[in-house]
Amino acid sequence: MRFLLDPEQRDFARSLDAMLTAAGTPAVIRDWGRGEHGRGRALWCRVAEAGVFALAVPEEYEGLGVRPVELAVAFVELGRHAVPGPLVETVTVASLLAGTGHAKRFLPGIAAGESTATLAREGSPALDGDAATHRFSLSAEGLRLAPGHGPVRGSLDPARRLTPLLPGGELLGPPTPGALALARLTTAAQALGVGLALLDRTVTYVGRRTQFGVPVGSFQAVKHRLADAKLALEFARPLVLGAALTMAPADVAAAKVTACEAAYTTARTALQLHGAIGYTAEYDLSLWLTKARALLTAWGTPRECRDDVLGAA
């Protein structure tokens, strides 16, 4: 099957890319990692004004209707610019609340960007619990509104600040089949964007860096590494968009493992081809390197996703 975005979807992606490029996200990411959320919240509002969160909210709650394909398109761009915050968690919470009696209580604020939400499976730490307006947990009983959070924990990605959620809280709805599907889809799209950004930055770098009087990018071994990364990412792209069309749990799991592993492979290539400078936290590449590794296991490890694919076969 040949899958192409329509002109409106391509324009949407270009507009997000232009807006996030102008926002200068590396400085926002570093502030967020230090717990300074001012510029991150301002960027969140601009993302909401572009309609990203409204894509996960039904029209009756001031959203644009649930549109997984457009969400995937948006999250590729959010990953490309490494936008911090509980982005995946907020749209996942919106999808879970839509079928409950509490939708009107939370969804208009999420669609407008006035509130943020984080979500974690019971016993797992939540992303940015200190910055989120609302905190939710998923357990065998269903979706709960957590009463608070514990202290911030460190993470491999400094911009992914983890906090334990306090137990208990108001039960909002029963368990939902396929509850993790949207979380996995948007994580996969985000990882694809991270991988594409790493590839673009590496191609630019090896075109400028010289050895023996010629660009490093002209060496055959370097070309092969970049070609392998490019192929992995381009193979992941149709899986992500195809999963957004079907939203079948097995399709989403396949897209998640493929996109996240492609991004991680690209991160390893980027680090090797940048050499020593790639290891420095001051160099912007690190903001994407750490995110690629963190997304690899977010909302399902590669083994969990493969098991889900095989279980549906």
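The values are calculated or read from the model by the stated rules, or taken from the named source; none is laboratory data. What you are looking at is a predicted structure, and each value in this text was computed from that prediction instead of being measured. Cβ sites come from the backbone with ideal geometry, for glycine too, and all protein chains shown count toward neighbours.
At a glance:
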| item | result |
| --- | --- |
| Some residue of segment 22-42 being under 28 Å from PRO164 (Cβ atoms), in a helix (DSSP H, G or I) and within 15 Å of the chain's Cα centre (by Cα) | yes |
| Subset of segment 168-197 [in contact with a strand residue (DSSP E or B) (Cβ under 8 Å, 6 or more places away or on another chain) and either closer than 29 Å to ASP251 by Cα or assigned to a loop (DSSP other than H, G, I, E, B) (or both)] | GLY168, GLY169, LEU172, GLY173, PRO174, PRO175, THR176, ALA179, ALA183 |
| Complete set of residues in segment 233-243 that are farther than 17 Å from LEU296 by Cα and crowded, with 17+ Cβ neighbours inside 10 Å | LEU241, GLY242, ALA243 |
| Residue match in segment 149-170 (condition: under 15 Å from VAL91 (Cα atoms), outside the structural domain of GLU282 (by TED's automatic domain parsing) and more than 19 Å from the chain's Cα centre (by Cα)) | no |
| Condition met for ARG268 (in a helix (DSSP H, G or I), without any contact (Cβ under 8 Å) to a residue 40 or more places away in the chain and either in the same structural domain as VAL216 (by TED's automatic domain parsing) or of a type in the set (Asp, Glu) (or both)) | yes |
| Sole residue being surrounded by fewer than 21 Cβ atoms within 10 Å (Cβ to Cβ), under 30 Å from PRO177 (Cβ atoms) and either touching a helix residue (DSSP H, G or I) at 6+ places or on another chain (Cβ under 9 Å) or modelled with pLDDT under 95 (or both), chosen from THR210, THR258, THR265, THR246 | THR246 |
| So ALA132, is it part of a loop (DSSP other than H, G, I, E, B), out of contact with any Lys or Arg (no Cβ under 8 Å at 6 or more places or on another chain) and either in the same structural domain as GLY33 (by TED's automatic domain parsing) or among the acidic types (Asp, Glu) (or both) | yes |
| Residue under evaluation LEU296, criteria (1) over 23 Å from PRO125 (Cβ atoms); (2) of a type in the set (A, V, I, L, M); (3) touching a Phe, Trp or Tyr at 6+ places or on another chain (Cβ under 9 Å), criterion not met | (1) |
| Odd one out for ALA232 among (1) over 29 Å from PRO125 (Cα atoms); (2) in a loop (DSSP other than H, G, I, E, B) | (2) |
| Condition met for ALA292 (closer than 26 Å to PRO158 by Cβ, modelled with pLDDT of 95 or more and either touching a Gly at 6+ places or on another chain (Cβ under 9 Å) or outside any helix (DSSP H, G or I) (or both)) | yes |
| The listed residue being in contact (Cβ under 8 Å) with a residue 40 or more places away in the chain, part of a helix (DSSP H, G or I) and either of a type outside the set (A, V, I, L, M, F, W, C) or in the same structural domain as LEU156 (by TED's automatic domain parsing) (or both), out of GLY300, GLY311 | GLY311 |
| Conditions (1) in a helix (DSSP H, G or I); (2) touching a residue at least 60 places away in the same chain (Cβ under 8 Å); (3) surrounded by fewer than 24 Cβ atoms within 10 Å (Cβ to Cβ); (4) charged (D, E, K, R): number failed by GLU89 | (3) |
